[in-house]
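Input: one structure, supplied below.
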Amino acid sequence: MPTTTTAIRARGLRKAYQDVVAVDGVDLDVHTGEIFALLGPNGAGKTTVTEILEGFRDRDGGELAVLGADPGRAGADWRQRIGVVLQKSGDFDLITVEEVLRHFAGCYRNPRDVDQVVEAVGLADKRGSRTGLLSGGQRRRLDVALGIIGSPELLFLDEPTTGFDPEVRRQFWDLVGGLRDEGTTVLLTTHYLDEAEHLADRVGVISGGRVVEVDTPARLGGRRSALATVGWTDEDGPHTPVASGVVPGRRDSVHVRPGLPGRRGDGHPLRPVPAVLRLPGRPAGEGAGARGARGGLRRGAVALGRYGPSAGDRRVGAAGQPAAGDAHAGADQGGLAAR
């Protein structure tokens, strides 16, 4: 039986559509009060798993408890305790934001105050606007408002930021993080690695209908223990990092472990310089203890990969200037920085 600290417990979930297996023996635990991200490509089974957890879709097999009940048989009392934000919601183009929220608030026994919800999702200046006139980001905020208007203990967010521009995505992340701080358990699906890394306390990677790994963002895929790979550009031109490790005789091969000096493939010592490792959603330097490595760098750009596989190297100028396309990176004079 699930404990009181487990919001979701699934064992061996299965779902097939004729000969196509969409969910193939999924085991999953989501702790009360955490943000848990299901990360995977399109077609991996994220939405099907989520709909089973929500009680919107029947499962073919497996055991499941969500807030202590089986969603397939749960009644109205259980549904009062959850909130759902689908990939695409219904249209209410001809009524205002406030009218929509007040209508849905009437469906719940203990709804949140509509005025507070409007403020929380950043739609105070749009409360009197027809929903059909909202931008995509504003409409998604309204979807979240509808998901939380009933004061849910558990909120499901299915690919909530698909199609958002970067600024709107970051604003949305702040909103979701605030819900977690209020004590709401959140399960979200996404195919954005940076979104899972920024928001989630833990991440479940789903592929081919199976959960292949569950861990914290910092440890996912062995990132904590893996070598960081550094490539650089100096007066001799660009040096592409060699993924397999330090290759004897190669100047363009270097590996650095966090906190340790690096070395180049030709034996040239690399003087370690402090590097600021700023993971998304954490203050600069938190949990880093990282050291960059520099050898003969002047005005070149340095790419520092974060502890193994990542969404992509972040580039910064060796003299402390962010490289093109990364306005958030920065460093002390002569140092390195990675975001």
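The values are calculated or read from the model by the stated rules, or taken from the named source; none is laboratory data. Small disclaimer: the values here were computed from a predicted structure and weren't measured. Heads up, the Cβs are rebuilt from the backbone with ideal geometry, glycines too, and the neighbour counts pull from every protein chain shown. We work out accessible area using only protein heavy atoms, side chains counted, and drop any ligands, DNA or RNA first. Shrake-Rupley method; radii C 1.70, N 1.55, O 1.52, S 1.80 Å.
Output ³J(HN,Hα) for region 117-125: one whole-Hz value per residue in order, computed from phi by the Karplus curve 6.51 cos²θ - 1.76 cosθ + 1.60 with θ = phi - 60°, and x for Gly and Pro.
Once θ is set to phi - 60°, the couplings for region 117-125 become 5, 4, 5, 4, 9, x, 10, 4, 7 Hz.
Still on this model: Out of residues 5 or more away from His31 or on other chains, whose amide H comes under 5 Å of its own, with H placed 1.01 Å from N in the peptide plane?
Hits under the 5 Å cutoff: Ala7.
At a Förster radius of 35 Å, what calculated FRET efficiency corresponds to the Cβ-Cβ distance of Ala69 and Glu167, to the nearest 0.05? If you can, show how the numbers build up before the last one.
Numbers: r = 39 Å, r/R0 = 1.12.
With R0 = 35 Å, the Cβ-Cβ based efficiency is 0.35.
Something else: Stretched out fully, how many nm does the piece from Phe56 to His191 gain, at 0.36 nm a residue minus the Cα gap? If you can, show how the numbers build up before the last one.
Values: separation 135, 0.36 × 135 = 48.60 nm, distance 2.15 nm.
Taking Phe56 through His191 to full extension adds about 46.5 nm, to one decimal.
Measuring with a 1.4 Å probe in the full set of protein chains, what accessible area per residue, in whole Å², belongs to region 69-176?
On the way: 5280 Å² over 108 residues.
That works out to 49 Å² for each residue.
Taking θ as phi - 60°, what are the ³J(HN,Hα) couplings along region 162-172 by the Karplus curve (6.51, -1.76, 1.60), each to the nearest whole Hz, with x for Gly and Pro?
Along region 162-172, the couplings run 4, x, 6, 7, x, 5, 5, 4, 5, 4, 5 Hz.
Output ³J(HN,Hα) for region 104-111: one whole-Hz value per residue in order, computed from phi by the Karplus curve 6.51 cos²θ - 1.76 cosθ + 1.60 with θ = phi - 60°, and x for Gly and Pro.
Using θ = phi - 60°, the values come out as 6, 4, x, 7, 10, 6, 9, x Hz.
Can you tell me the Rg and the Dmax, both Å, for the Cα atoms in region 133-195?
11.4, 32
Can you list residues from other chains, or at least 5 along the same chain, whose modelled amide H is less than 5 Å from the amide H of Arg59?
Sorted by chain and number, the residues that satisfy this come to none at all.
Hey, another quick one. Figure the gain on full extension for Asp19 and Glu182 (residue separation times 0.36 nm, minus the Cα-Cα span) and round it to one decimal in nm.
On the way: separation 163, 0.36 × 163 = 58.68 nm, distance 4.30 nm.
Answer, rounded to one decimal: 54.4 nm.
Amide H of Arg210 versus every other amide H placed in the peptide plane: which residues, excluding those fewer than 5 positions away on the same chain, fall under 5 Å?
Hits under the 5 Å cutoff: Asp24.
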